[in-house]
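Only the coordinates and a few stated rules stand behind these numbers; no lab work does. Fair warning: this is a prediction, and the values are worked out from it, not measured in the lab. Positions of Cβ are generated from backbone atoms using ideal geometry, with glycine treated the same way; all protein chains shown enter the neighbour counts.
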């Protein structure tokens, strides 16, 4: 690579109001930065530097670290997890050391990370070797609810594969036990699922504006939100959780979804926009070498041969019912009149009702086979991927959607368990290994209510 004779020149500078002298700006190897400066004490302001765009990073509110600060200070971030500083106060030299992260690999006994398609909340559980009361129980310990847990796996000399980010919400410590346990949930589960609107319940603006407002109230800083054009007056109840509030927004912006990437970024938008951050693919594996255990389960309890859909138009008049056949598995002996009766949402046209019924029949097709697999660790696997299995001399076969994933790691070994659902319709492009899910599927045992599935189908029909 040829060297350039032009040095790197910054065309902007960061001014922190109230600072009494030059400060230090530190970057934390993620997308977070911190300005440290003197202003009647040692102060700091945090910022998120999205994709390295420093000029667009807005510092947050000022936080006081020390009231009695030195006359001069300088800071360095030489090691991940530790911050070093030096201060001069008169003739006194002061050395600062701040430990903000700890590598847990050396005390890990066993752990697991679980994700399912019927919940946006993922969970991590860890069993750790007891490092002593002075590490776990002191006031300044990092083992506190709300501590950020970053889980990644390496295999041999590979780069770390991010599994997910979680926030600790439970710790169980016994000083006499050789181990202790902790668990946590991802950002969506910890920040959105339990916090409520309280005294701020109204907002006026576009969809992306209200989502950002909710995220900021929830304390989420790592996010990406797709654009929207429709403005609205949003009113929430004080007891509504942020998750419920977002569901209200998604009812207006039909097709919007929310996902969380393995790096912990919460992404909201239409599926085509979300794919730039999280893309499902066709996952192929060999039955003889890539799988340690395979279990198959067949159930006819929610397999149907027909769907019968009724509804009313915008005037309240009955539409012509749609009666369609549902494709079932070859050699399955199901009753010819095993029909799923569904009442569609009012206000549809006849064409919309017919399209809705066709989509419902497609999503109920070949329901009833679920498979679970255990194999070597595959941290890149995502819920919603298509599982395709092959064997020597046998053509590759798509089994269905991956609906749950559990990564297990530690002294007992490293494994990935995943479950595959035979039902649900998907659109896949093998040339790009891209998969777009067109309906929500909730596991092969369909004894539960199909309301969520029907709602998604109805929304997609109206959007089209």
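Below are the figures for this structure:
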| read-out | value |
| --- | --- |
| Proportion of all alpha-carbon pairs of segment 34-172 beyond 27 Å (%) | 41 percent |
| Pairwise centroid distance, computed over Cα atoms, of segment 28-74 with segment 139-191, Å | 26 Å |
| Helix-only [θ]222 nm of the chain, DSSP H runs n ≥ 4, -39500 (n - 2.57) each, per residue, nearest 500 | -3500 deg cm²/dmol |
| Over segment 191-274, relative contact order from alpha-carbon pairs under 8 Å, at least 6 apart, % | 35 percent |
| C-alpha long axis of helix 451-463 to longest principal axis of the chain, angle in ° | 90 degrees |
| Packing-based exposure ordering (other Cβ within 10 Å, fewest first) of 77, 341 | 341, 77 |
| In degrees, nearest ten, helix 242-252 long axis to first principal axis of the chain (Cα) | 50 degrees |
| Spatial separation of Cα centroids for segment 248-288 and segment 330-391, in angstrom | 19 Å |
| When the convex hull of its Cα atoms is projected in every direction, mean area for segment 100-160 (nm²) | 5.7 nm² |
| Size-normalised alpha-carbon gyration radius of segment 24-99, reference 2.2 N^0.38 Å | 1.15 |
| For segment 11-56: relative contact order, % (alpha-carbon pairs under 8 angstrom, 6 or more apart) | 31 percent |
| Those residues of segment 332-371 whose amide nitrogen sits under 12 Å from the label point placed on residue 310, 7 Å along Cα→Cβ | 341-344 |
| Shape call, segment 255-390: gyration tensor on alpha carbons, a/c limit 1.5 | oblate |
| Inter-label distance for residue 74 and residue 323, nm, one decimal - labels placed 7 Å from Cα along Cα-to-Cβ | 8.6 nm |
| P(r), alpha carbons of segment 138-297 - 10 Å bins starting at zero, rounded % | 9, 28, 28, 21, 11, 2 |
| Scattering profile of segment 191-274 at q = 0.10, 0.12, 0.15, 0.25 Å⁻¹ [log10 I(q)/I(0), Debye over alpha-carbon scatterers] | -0.21, -0.31, -0.49, -1.38 |
| Packing-based exposure ordering (other Cβ within 10 Å, fewest first) of 211, 235, 48 | 235, 48, 211 |
| Alpha-carbon Debye profile of the chain, log10 I(q)/I(0) at 0.08 Å⁻¹ | -0.63 |
| Ranked by how many other beta carbons lie within 10 Å on average, peptides 186-193, 34-41 from highest | 186-193, 34-41 |
| Residue exposure sequence - 330, 50, 76 - by fewest surrounding Cβ within 10 Å | 330, 76, 50 |
| Paramagnetic reach from residue 24 (point 7 Å along Cα→Cβ, amide N under 18 Å) across segment 52-66 | 63-66 |
| Segment residue 106-residue 232, length gained on full extension (0.36 nm per residue, minus Cα span) | 40.2 nm |
| Average Cα contact separation per residue, the chain, under 8 Å, 6 or more apart, as relative contact order % | 11 percent |
